[in-house]
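The values are calculated or read from the model by the stated rules, or taken from the named source; none is laboratory data. These numbers were taken from a predicted model, which means no experiment stands behind them. FYI the Cβ positions are ideal-geometry reconstructions off the backbone, even for glycines, and counts take in every protein chain you see. Accessible surface is based on the protein model in full, side chains and every heavy atom, while ligands, DNA and RNA are left aside. Shrake-Rupley method; radii C 1.70, N 1.55, O 1.52, S 1.80 Å.
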Amino acid sequence: MNATSAQTATTPVLSEPAAARPALPVPILALVAVAALITAAALGLAPFTGRSVGGAAMALVFAAVHGAIAWGAYRAVNGLRLIYLASAPLVAVLGLLTGLEPRLALAGLVLWGVYFVVLNQGQALRWFGITVSAVSVVDTRPLDNRAWLLVLPVFAVVSISAIIPLMTVVNYSVQDIFGPGQAYFVGAEWFREMLHDDRLHGAMVRQILFSLTVLAIQIPLGVAVALAMPARGWRASVALVLVALPLLIPWNVVGTIWQIFGRPDIGLGGWALNNIGLDYNYTGDPIDAWITVVVMDVWHWTPLVVLLAYAGLRAIPDAFYQAAAIDGASRWATFRYIELPKLAGVLMIAVLLRFMDSFMIYTEPFVLTGGGPGNATTFLSIHLAKLAIGQFDLGPAAAFSLIYFLVILLFSFVFYTVLTRVGRGDA
Amino acid sequence: MARVRMHELAHSYVAKPAAPADYALKRFDFTWRNGGAYALLGPSGCGKTTMLNLISGLVTPSEGRITFDDVDVTALTPAQRNIAQVFQFPVIYDTMTVADNLAFPLRNRKLPDAQVRRRVHDVAAMLELEPLLGRRAAGLSADQKQKISMGRGLVRPDVAAILFDEPLTVIDPHLKWQLRRKLKQVHQEFNHTLIYVTHDQNEALTFAEEVVVMYDGYVVQVGTPQELFEAPAHTFVGYFIGSPGMNLLPAVVDGGRVRVRVPGTDVAVEGVAPPADADKLELGIRPEFLEIADDGHEAAIERVEDLGNYRLATVRLGEHRLVAKLAEDRPLAADRCHLRFPERFTKLYADSRLVA
């Protein structure tokens, strides 16, 4: 007996061909509604601080989000099933780990169980020999949920490395913390405060200006260097190693190198500039400090763009250059119509990486200028660090870092969307 | 359009070639007729693409000269030579529309807009690309992309020659046939010099007026499909063209005559003087021409395969095995038969080359 017929014999419902998917059936709607109510009730009874109305409202939002995800998951977005199934136990774990509320953990587990059954189309129950016909007819596509087990290790690692710390920050951001065990729910107060904070505004403007500046320099420069590098042979290897050297230097050492290099008294760069008659002093003059930070970042990170662009260039088949030669294309036209379009993918990655990295730049300016002179080179992360581990204002700092996180996410999303459209040619 | 001549041409990718094996293309002279439709046929690695790149100027020959209508172009770039070339895999300019792709070679040569538009429309009509003209080229299917590549080759009215490097590799079989017919039609209409590289003999034989067969860096034969079939100049041509390939039997010289050793009934070749210094002699006959008759050399039938419209009989003559192609209705005894070697189609090869 072959594999197909074996499957047909044991799971006749699942192996039928999936035609048009039916509208969301009543059993599913009912389950989602019940689950949302259970969550809302559980959380409403035990809001975040134990008493406020805000807690109940947040619980409702929480339930609504669950419902929306479940709906999306039902609408055949397979990734969402996974996210959902991951998120529900996560909520439970977070409830415990971040000390929010044990009942939240319980609610999460209940939800997880309900959705697991629903989203699985009863498949999970079938593992235990139970057939739930009401749910198993919903989706006729064959599912093999055991593959999810393979995700568990990654999930475990990511939970510890990213999700739990992030959610801890979320927890901090809605509380006023005086000390261990002395935290009070303050709702969105820190967010309001941060969004109206002048120092944050200043840092944000400087940050955006800095990121745009380094992108505007590093991307074209990186492509230009990659184009100028030898394509093959020992020269290519030597060039690659030389170009990559700055990437191998620890970030704080990069800062130190430039700090000394730029000093007017003992630094080669600063000394030389002053000796040719320029009044250069990065510790005193904001413009000089800015130029130094930008030049340092260009020196440090352009190689990354070069490496990416170089790899992209090497991946272009010879036939494209040959066709261009035969079509009589100029060097510029070859770059414009062959190399640049073929590089679009790697340049998108380069822009994203460089944007995100430059937007969270900390170590090098911290070592070089410490954010000065005055606030001239105080970027978001330097400001944040002062707030969080300088002044120990954990609540405001947490709110700030969430805003910071969302801003990066937003910018990256916009970049990604625009650039992938460009790549596909829909823009 | 031009007559393309190759004078004493040879090419090696090695910096200092010494042995013949260093040469991707061995020294040869050849003239591609103006307006001819040629197929360049040979197995992978035989030097076909090198030959094409030498003509287009993508590769500069290490020895010899190339002239277009008696003008030396050896040192000129592809653009200066005014050659069009279509590659194995479609090359398109992703960010451009189909129309811009087709117009690209013309715009690079600064043709007036009106003329560009006219040419683009003509070529699009010819290749049935008209509905796609406004579309971006990036999202199209492989065969549409290859049509665009071809269109870029055909769009220039004054090209010296159009070269095709296995252009139909990525195309579906039924479209292959369509595009090949289109090319033939284009050739009849505009009389371009077309050189078409392929390793598929059907493609070569249906497309070309003349087929150039290459093997191991040598041009082994140039001829019409019929000549290649009836008088292969090289055992490789005999083996490569035709299905199944030519029967080749080791021969010896005995008493001034060429013979194939078969116990009792040696096959002798009449009227050919064997070359004195040949290391290896072979007798070749195509399965189509090997006659199964009532008298002649007696052979044992090993196997008969019925392929629908003909049959293939594998027979054993002494220690040699041969294949004969038979009509469906030809009666055949069960285990033994007699073979006749018609003189006209029985060829002698000395060191793989035809003895005239």
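Looking only at residues in segment A:282-327 that are open to solvent by 20 Å² or more (accessible area, probe 1.4 Å) and not in a helix (DSSP H, G or I), which one is nearest to the other protein chains (Cβ to nearest Cβ)? The extreme case among them is A:Pro317.
Tell me yes or no: at least one residue of segment B:273-287 is of a type outside the set (A, V, I, L, M), modelled with pLDDT under 80 and farther than 14 Å from B:Val355 by Cα. Checked against the condition, which is being of a type outside the set (A, V, I, L, M), modelled with pLDDT under 80 and farther than 14 Å from B:Val355 by Cα, segment B:273-287 yields no hits at all. Summed over segment A:190-207, the residues that are in contact (Cβ under 8 Å) with a residue 24 or more places away in the chain and open to solvent by 30 Å² or more (accessible area, probe 1.4 Å) give a count of 6. Meeting the requirement of 1 or more residues that are within 14 Å of the chain's Cα centre (by Cα), the helices (runs of 4 or more DSSP H) wholly within segment A:339-416 are A:340-359. Hey, can you tell me all the residues within segment A:204-235 that are of a type in the set (Gly, Ala, Ser) and either in contact with a strand residue (DSSP E or B) (Cβ under 7 Å, 6 or more places away or on another chain) or at pLDDT 90 or above (or both)? Those that are of a type in the set (Gly, Ala, Ser) and either in contact with a strand residue (DSSP E or B) (Cβ under 7 Å, 6 or more places away or on another chain) or at pLDDT 90 or above (or both): A:Ser211, A:Ala216, A:Gly222, A:Ala224, A:Ala226, A:Ala228. The set of residues in segment B:82-106 that are in contact with a Ser or Thr (Cβ under 9 Å, 6 or more places away or on another chain) and either within 7 Å of chain A (Cβ to nearest Cβ) or without any contact (Cβ under 8 Å) to a residue 40 or more places away in the chain (or both) comprises B:Ile83, B:Ala84, B:Gln85, B:Phe87, B:Phe89, B:Val91.
Residues that are basic (Lys, Arg) and in a helix (DSSP H, G or I) do occur in segment B:161-180, at least one of them.
Restricting attention to segment B:162-172, the residues that are more than 11 Å from every other protein chain (Cβ to nearest Cβ) and among the acidic types (Asp, Glu) add up to 2.
Tell me yes or no: at least one residue of segment A:412-421 is in contact with a Ser or Thr (Cβ under 9 Å, 6 or more places away or on another chain) and either among the charged types (D, E, K, R) or in contact (Cβ under 8 Å) with a residue 24 or more places away in the chain (or both). Looking for residues that are in contact with a Ser or Thr (Cβ under 9 Å, 6 or more places away or on another chain) and either among the charged types (D, E, K, R) or in contact (Cβ under 8 Å) with a residue 24 or more places away in the chain (or both), one finds none in segment A:412-421, hence no. For B:Ala79, the conditions (1) within 14 Å of chain A (Cβ to nearest Cβ); (2) open to solvent by 20 Å² or more (accessible area, probe 1.4 Å); (3) at pLDDT 85 or above; (4) under 31 Å from the mean Cα position of the chain (by Cα) all hold with the exception of (3). Among the residues of segment B:107-161, those identified as under 19 Å from B:Glu189 (Cβ atoms) and at the interface with chain A (Cβ under 10 Å from one of its Cβ atoms) are B:Arg152, B:Gly153, B:Val155, B:Arg156, B:Val159. The residues on offer are B:Tyr196, B:Tyr215, and the sole one that is at pLDDT 80 or above and out of contact with any Leu (no Cβ under 9 Å at 6 or more places or on another chain) is B:Tyr215. Of all residues in segment B:57-76 being touching a Lys or Arg at 6+ places or on another chain (Cβ under 8 Å), in a loop (DSSP other than H, G, I, E, B) and not small (Gly, Ala, Ser), which is nearest to the other protein chains (Cβ to nearest Cβ)? Restricting to residues being touching a Lys or Arg at 6+ places or on another chain (Cβ under 8 Å), in a loop (DSSP other than H, G, I, E, B) and not small (Gly, Ala, Ser), the top hit is B:Val73.
State the number of residues belonging to segment A:297-318 that are touching a Pro at 6+ places or on another chain (Cβ under 9 Å) and of a type in the set (Ser, Thr, Tyr). Matching residues across segment A:297-318 total 1. The set of residues from segment B:141-158 being part of a loop (DSSP other than H, G, I, E, B) and crowded, with 19+ Cβ neighbours inside 10 Å comprises B:Val155, B:Arg156. Condition check for A:Gly425 on (1) modelled with pLDDT of 85 or more; (2) at positive phi: one failure, at (1). Before we move on, is B:Gly242 under 28 Å from B:Ile162 (Cα atoms) and under 14 Å from the mean Cα position of the chain (by Cα)? Spelling it out, B:Gly242 is indeed under 28 Å from B:Ile162 (Cα atoms) and under 14 Å from the mean Cα position of the chain (by Cα). Scanning segment B:21-31 for residues that are touching a residue at least 12 places away in the same chain (Cβ under 8 Å) and either outside any strand (DSSP E or B) or in contact with a Phe, Trp or Tyr (Cβ under 6 Å, 6 or more places away or on another chain) (or both) yields B:Ala24, B:Lys26.
I want to confirm something. Restricting to segment A:328-337 and keeping residues that are closer than 14 Å to B:Pro105 by Cβ and in a helix (DSSP H, G or I), which single residue is nearest to the other protein chains (Cβ to nearest Cβ)? Going through the qualifying residues, I end up with A:Tyr337.
In this entry, A:Gly277 passes the filter for residues that are more than 14 Å from chain B (Cβ to nearest Cβ), more than 25 Å from A:Ser211 (Cβ to Cβ) and not charged (D, E, K, R). Among the residues of this structure, A:Gly345 counts as one that is within 14 Å of chain B (Cβ to nearest Cβ), modelled with pLDDT under 85 and open to solvent by 20 Å² or more (accessible area, probe 1.4 Å).
Conditions tested, residue by residue: (1) under 24 Å from A:Pro303 (Cβ atoms); (2) modelled with pLDDT of 85 or more; (3) open to solvent by 30 Å² or more (accessible area, probe 1.4 Å).
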{"position": "A:Val351", "(1), (2), (3)": "yes, yes, no"}
{"position": "A:Arg354", "(1), (2), (3)": "yes, yes, no"}
{"position": "A:Leu368", "(1), (2), (3)": "yes, yes, no"}
{"position": "A:Gly371", "(1), (2), (3)": "no, no, no"}
{"position": "A:Thr377", "(1), (2), (3)": "yes, yes, no"}
{"position": "A:Phe392", "(1), (2), (3)": "no, no, yes"}
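Let's see how each residue does on (1) surrounded by fewer than 16 Cβ atoms within 10 Å (Cβ to Cβ); (2) of a type outside the set (Val, Ile, Thr):
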| position | (1), (2) |
| --- | --- |
| B:Ala2 | no, yes |
| B:Met6 | no, yes |
| B:Leu9 | no, yes |
| B:Ala21 | yes, yes |
| B:Thr31 | yes, no |
| B:Gly36 | no, yes |
| B:Lys48 | no, yes |
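Scanning segment B:303-329 for residues that are among the charged types (D, E, K, R) and loosely packed, with under 13 Cβ neighbours inside 10 Å gives B:Arg303, B:Glu305, B:Asp306, B:Glu319, B:Glu328, B:Asp329.
Across segment B:136-154, the number of residues qualifying as in contact (Cβ under 8 Å) with a residue 60 or more places away in the chain and of a type in the set (A, V, I, L, M, F, W, C) comes to 2.
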